[in-house]
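Before any comments, here is the structure.
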Amino acid sequence: MAGGKLRKDKPRAGGKAASSAAAPYQGGISFHKSKGQHILKNPLLVDSIVQKSGIKTTDVVLEIGPGTGNLTKKLLDAGKSVVAVELDPRMVLELQRRFQGTPYSHRLKVIQGDVLKTELPYFDICVANIPYQISSPLTFKLLNHQPPFRCAVIMFQREFAMRLVAQPGDNLYCRLSANTQLRARVSHLLKVGRNNFRPPPKVDSSVVRIEPRKPAPDANLVREFDGLMRICFNRKNKTLGSIFRQKTMLSVMEKNYKTLQALHQSQSNLSGDSKVGMDGLDFGDNGDDLGMEVDDGGDDEMELEDGDAGEVSEFKEKVLNVLKEGDFEEKRSSKLTQQEFLYLLSLFNKAGIHFS
């Protein structure tokens, strides 16, 4: 969130010191670390972000968390108009005061609200320094936005940014990497040290460029791909043969398989609630904003299915035959490319196994 000029703290009545949880700034506004309010204080860095964004004079720019408007002003200079979404009513008032009566006022629209719950208007490009706790849900909200935008240039916590751009074989390559890169081209633009903010956060940051792929992948493919990624990155450094032998995993997959087979056979119009999907599973990374997959190297939770009889064993054989057909049984998720994942998904679908 971009902020205004820094001023020395004024002593409070009674000589009490300011709270360590908030830092006073321009106009007496305090910014709270707990709300992700870290003010980008380096004007050269603001200029660099705007330059690297490639804003056109005809662009409608979406800014998230504009703060007191330093970045907002630069965006108004570069584009046609700015739509700024701000949760804090104090910042909304500050923005209105700053641009009221200026040539910028008719080109700035301020929306007060939670960006994750707000229906976003049309925009060509998003440029933002966001609260880091909303990084993952915001990224996918933007990727789901219609009509698609040209690109987003966003400041993230550095580790989250590195996961977005990680490639197969990298230590940080994970479900987040694979899902994002299926839907967008992602590139790292610049590293930003914590001392460029006030108050400084505990972590370094990075600016990332996200360009949605055109045409966008089919919505069903996106859901299926994510379902497969939930399984593959459950233990990303285990072989796929080991992962797909987990008893709990096979049980849920088989239940989904049987439901789909019954739907196809009956050709009845059942509600979507009757379809069993992968979303009900807890693989340990749901809700983790960094998309981290845990692999401690142990097999305590693997619960392998060995020697079970009946239909489950038949379904297990079907799954393992898919892995053998594509030569995936001894491969690891952390090494697979996007094309290999898509090929694996196509083999499962061919065998009548789905993940959505």
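The convex hull of the Cα atoms of the stretch 129-243, projected and averaged over all directions, covers 7.9 nm².
Applying the criteria of a DSSP loop state and at most 13 other Cβ atoms within 10 Å to the trypsin sites (Lys or Arg not before Pro) of the stretch 151-219 yields K202, R213. Backbone amide hydrogens, once placed in the peptide plane, bring I130 within less than 5 Å of M155, excluding anything fewer than 5 places away on its chain.
For the stretch 70-131, averaging the sequence separation of C-alpha pairs within contact (under 8 Å, six or more residues apart) and dividing by the residue count gives a relative contact order of 38 percent.
Charge tally around P121: other residues with Cβ under 13 Å, Lys/Arg +1 each, Asp/Glu -1 each, net -2.
Exceeding 23 Å between C-alpha atoms, which entries from my cross-link table qualify? They are K56/K117; K80/K109; K73/K117; K41/K80. Don't jump to the answer; show the numbers that get you there.
Details: K56/K117 28 Å; K80/K109 12 Å; K73/K117 25 Å; K41/K80 25 Å.
Over 23 Å apart, Cα to Cα: K56/K117; K73/K117; K41/K80.
In the structure shown, the pairs K214/K331; K141/K214; K52/K202; K74/K141; K238/K335 are assessed against 20 Å; a Cα-Cα span above that value is assigned to K214/K331; K52/K202; K74/K141. Here the Karplus relation 6.51 cos²θ - 1.76 cosθ + 1.60, evaluated at θ = phi - 60°, turns the backbone of the stretch 200-215 into coupling constants of x, x, 7, 10, 7, 10, 9, 9, 10, 9, 10, 10, x, 6, 10, x Hz, with x for every Gly and Pro. Tell me, how many Å apart are the Cα centres for the stretch 228-259 and for the stretch 45-104? Cα centres, the stretch 228-259 to the stretch 45-104: 46 Å.
Summing Cβ point charges (Lys, Arg +1; Asp, Glu -1) relative to the Cα centre of the stretch 169-242 gives a dipole of roughly 220 debye.
Computed over the stretch 82-230, relative contact order equals 20 percent, with contacts defined as Cα pairs under 8 Å that lie 6+ residues apart. Using C-alpha pairs under 8 Å with a sequence gap of at least 6, the mean separation divided by the residue count of the stretch 164-274 gives a relative contact order of 20 percent.
Charge tally around G352: other residues with Cβ under 12 Å, Lys/Arg +1 each, Asp/Glu -1 each, net +2. Taking all protein chains as shown and a probe of 1.4 angstrom, K258 keeps an accessible surface of around 100 Å². Peptides 111-123, 81-93 ranked from most to least packed by the mean count of surrounding Cβ atoms within 10 Å: 81-93, 111-123.
In this structure, the amide hydrogen of V110, modeled 1.01 Å from its nitrogen in the peptide plane, lies closer than 5 angstrom to those of A84, counting only residues at least 5 positions away or on a different chain.
Stretching the chain fully between R97 and N237 yields a gain of 45.0 nm (0.36 nm per residue, less the alpha carbon separation).
The values are calculated or read from the model by the stated rules, or taken from the named source; none is laboratory data. What you see is a predicted model; the values in this text were computed from it and never measured. A quick note on method: Cβ atoms are made from the backbone with ideal geometry, for glycine too, and the neighbour counts reach across all protein chains shown. Please note that ligands, DNA and RNA were not included when accessible areas were found on the heavy atoms of the full protein model with its side chains. Shrake-Rupley method; radii C 1.70, N 1.55, O 1.52, S 1.80 Å.
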